[in-house]
Structures are given as C-alpha cells and as structure tokens.
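Below: the structure, in structure tokens.
Values quoted throughout were computed directly from the atomic coordinates according to the rules given, and no laboratory measurement underlies them. Bear in mind the structure is a predicted one, so any value in this text is a computation, not a measurement. Using ideal geometry, Cβ is built from the backbone for each residue, glycine included, and neighbour counts are taken over all protein chains shown.
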Amino acid sequence: MESIVSHKPTVISGKFLPAALDEYICTLLGTMHLDAIFSHYPSLVAQLTEAVETELNLAYGVSNADNSRKIVQKTLFWLYQTALVDPLAPESKNQHNAVMVTLRTMIEKSWLAYEMQNCFMPGLPLTVSPDSFSQHLQQLWLNHRAAEHPLYDYLQHQASKTQLSYFFKCDSALNLLFFDLIAMAMVGARQDTRSELSRNMWDESGMGSDYFTHVNLYKALLTENQIPLPEDNYVHLLSWQGLSGYNLFLLGGINREHYFKLVGALAMTELLDPSHYQKLVCGSKRLGMSDQQLHYYTEHIDVDVIHANGWLQNVITPIVALTPAAMTEIWIGANLRLSSIDKYYDYLLEKIIKIN
C-alpha cells in the first residue's frame, strides 16, 4: 500500500495532488460525496491515518520539524473551516464525517499533549480560590513576556510603511474571525455570563451599525492602505505559530470539552490588546495614518480595557464560583494563548525586520 504522503492520487479527477497532507485533506473536504469515496477506496482511511501519524511524529516528536508543524496546523485549519463555510458548500456536508473527525481528534490530542509537556506553563497557584482567580489571571498576563512583546516596540518606533502593511495583512485572519469567536463563546454560555458576552457581541457588531462593525472597520483599514483582501484573509501568510494561535480559538469554539479553554484564551486576548494597540497606533501615526484610518485599533484600545474587566469579573468569576474545577481549564487556555502569541510575535518580528 503506497503512502499518500509520497504518492496521492486524487479520487476525483485521476490527477496527482501535491505531497502535502493539508492540501489533500482540503481537497477531500471539498468533495461532495466523501462517504462514498471512502467506501469505494477503503484503503484510503488507513493511508490518511498513517499520513497524519507520520506528520505528528515529525511535528511533535523528536524532530520538532517546522514544516511538519505547519502541515499539521494547516490540516487542522481546514478541518475547522467546515464549521465556518457556506452552509451549501461541500465542506459543510463533511463537517461530521467520521474519518475526518477521527483525524481531527488525533491532531488535537497530540498537539495539546505536546503543549502541556513542553511549553512553559506555570501551574495554577495553590492559594487560588474562585474569588481570587481573576487576580491570578491578571498576574499571569502582567508577568508574561507577551504582555510587552518587542514586536510592538518595533512597530511603534522603527517599522516602515511596507513593514506595517505586512503586519496588517498578517493580523487579518484572526481579526476578521473574532465576531464568530464571540458567537461561539455565547453558545451554551452560563445564564449569568450572557449579559457580558452580549455586550461584547454588540460592540463587535458595531452597536447595530454595519459601517462600525469591527469586521468592516478592519476591511476599511486595509482599503485605506491599498491592501487588497484575498479570499483566504491572508491565512496563506501564517506560519505554524500563527496557525496554532488561530486554531487554539477554534479548538475551544468547536469542541465542547474545550469550551473553558476558549474562555481563558479570549480573556487573555482582551488583556493583551490595549497596550499593544496603543503602540501600534503611535507607530502608524508616525507614518502619517489618521485616526479615521486607524479606527479599528483605536476602538479596541478603550473598549478592550472594559471588555477585559468584564471577562474577568462577569464571565470568569461567575463560572468558577459555580464550578471551581473550571479554573484549571481556563488557566490552561490562558497559558496556551500567551504561549502561542509569544511564539508568533517572535516569528513575525523576525519576518518583518527582513522586509525592505
């Protein structure tokens, strides 16, 4: 039996696909009758499983291969997109395909196990209680390198217009997804957290104005800077570090068992953004951009301070007061967000410095 990694015939057209697992999975997910394909080609399931295991071993085993990490995270990205595509798209019909769900679970388990074992993650303090948990989260944020990452100092004081434009492109994918992430956090939310989550959604949707909805504000920023927006929202620019950060949110948004990780990751995002965006705005104005052009970021400087406090006091505190065991999952989600964004910012700073 040939491995699909080295020799992967498409079961649709008879042509050969590129060797990358992520591209093959993307093609299969776009197939209208995927169940029939697996029935007609029973060996394909074993080949896919073997290919995923091979890439996972390369990505999170002894090798720690960057290329395999990107392939794994891009594969997971495509699997998650089945929850976000147009309802009539073929991918939507394959959202719960048993083979694809199995492959997704394999990736998630291996990825999380690696992160838990190899990334610096301070344990939940022994003195923590539901009443003090929010304060511990704030200290976690304040003490982490990501809170004052040198990327934003560079953007504030040294970046050129071309470098800043590249940053805006790389910031697109997650910024344009954020409405969906808040919506995912609202599904099945505790009754006493819904008011705060609704306030987040109201702000994200421009308080009822299409013009001021945050997705449109970001698209306007790109237009003002003559940056065309491709269909994939610049996902193709993301490294494995960026894809990991993107996938972290969908891990919690799509898998109910990881919901509290999503809560922790979102809380860290609200804490991180204001000070970062303040530096970004200063750097953008240094290069001649106006408040109107920067509305997306200036809006978040003030609003996210309010949201951060709201997440801590009105979402997380009620959750852990009722379910203290949730503290561990929220803590893990918060740490994973800090770790992933720190690695991504390291990569992005190195990449931007090299741009002329």
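Treating only the Cβ atoms of Lys and Arg (+1) and Asp and Glu (-1) as charged, compute the dipole magnitude of segment 133-353 about its Cα centre; round to the nearest 20 debye.
Dipole magnitude for segment 133-353 comes out near 280 debye.
May I ask you to sort Ser134, Ser63 by Cβ crowding, counting other Cβ atoms within 10 Å and putting the fewest first? Could you put the intermediate results ahead of the total?
Values: Ser134 18, Ser63 12.
Result, fewest neighbours first: Ser63, Ser134.
Compute a Gaussian network model of the chain, connecting alpha carbons closer than 10 Å, and tell me which residue from Leu272, Leu229, Leu217 fluctuates the most.
Fluctuation is largest for Leu229.
Please report the equivalent ellipsoid semi-axes of segment 21-118, computed as sqrt(5 x eigenvalue) of the Cα gyration tensor, largest first, in whole Å.
Calculated on Cα positions only, the semi-axes equal 24, 15, 11 Å.
Once you order the gyration tensor axes a ≥ b ≥ c over the Cα atoms, which shape class does segment 132-175 get: rounded for a/c under 1.5, otherwise prolate or oblate by comparing a/b with b/c?
Details: a/c = 5.36, a/b = 2.06, b/c = 2.60.
Oblate is the answer for segment 132-175, as a/c is 1.5 or above yet b/c matches or exceeds a/b.
What's the exposure ranking of Trp202, Trp311, going from fewest to most Cβ atoms within 10 Å?
By the 10 Å Cβ count, ascending: Trp202, Trp311.
As an exercise, take the mean of 1/r over every pair of distinct alpha carbons in segment 77-200, invert it, and state the Kirkwood radius in angstroms.
19.0 Å
Sequence neighbours fewer than 8 away in the same chain don't count; with that in mind, list the aspartates and glutamates whose C-alpha is under 20 Å from Lys343.
Reachable aspartates and glutamates: Asp66, Glu108, Glu115, Glu148, Asp153, Asp171, Glu270, Asp273.
Which number comes out as Rg/Rh for the chain once both Rg and the Kirkwood Rh are worked out on C-alpha atoms?
Expressed as Rg/Rh, it is 0.97.
Which of the chymotrypsin sites (Phe, Trp or Tyr not before Pro) across segment 40-121 are loop residues per DSSP, with 14 or fewer other Cβ within 10 Å? Kindly include the intermediate steps, with their values, before the conclusion.
On the way: sites: Tyr60, Phe77, Trp78, Tyr80, Trp111, Tyr114, Phe120; in loops: Phe120.
Taking segment 40-121 and a limit of 14 other Cβ atoms within 10 Å, the loop chymotrypsin sites (Phe, Trp or Tyr not before Pro) found are Phe120.
Scan the chain and hand back the longest stretch that contains none of the trypsin sites (Lys or Arg not before Pro) lying in DSSP loops with at most 12 other Cβ atoms within 10 Å.
16-353
Tell me, what is a quarter of the convex hull surface for the C-alpha atoms of segment 194-260, in nm² with one decimal?
6.3 nm²
According to a simple spin-label model (label point 7 Å from Cα along Cα-to-Cβ), what is the distance in nm between Gln226 and Lys285?
2.5 nm
As a footprinting exposure proxy, order Ile37, Ile330 by other Cβ within 10 Å, with the fewest listed first.
Least crowded to most crowded, the residues run Ile37, Ile330.
Over its Cα atoms, what ratio of radius of gyration to 2.2 N^0.38 Å does segment 258-356 give?
Cα Rg divided by the expected 2.2 N^0.38 Å: 1.29.
With springs only between Cα atoms under 10 Å apart, run a GNM on the chain and tell me which of Ser110, Ser239, Ser43 wobbles the most.
In the Gaussian network model the winner is Ser43.
When the helix-only estimate is applied to the chain (DSSP H runs of n ≥ 4, each -39,500 (n - 2.57), divided by the residue count), what is the mean residue ellipticity at 222 nm, nearest 500 deg cm²/dmol?
It comes out at -21000 deg cm²/dmol, rounded to the nearest 500.
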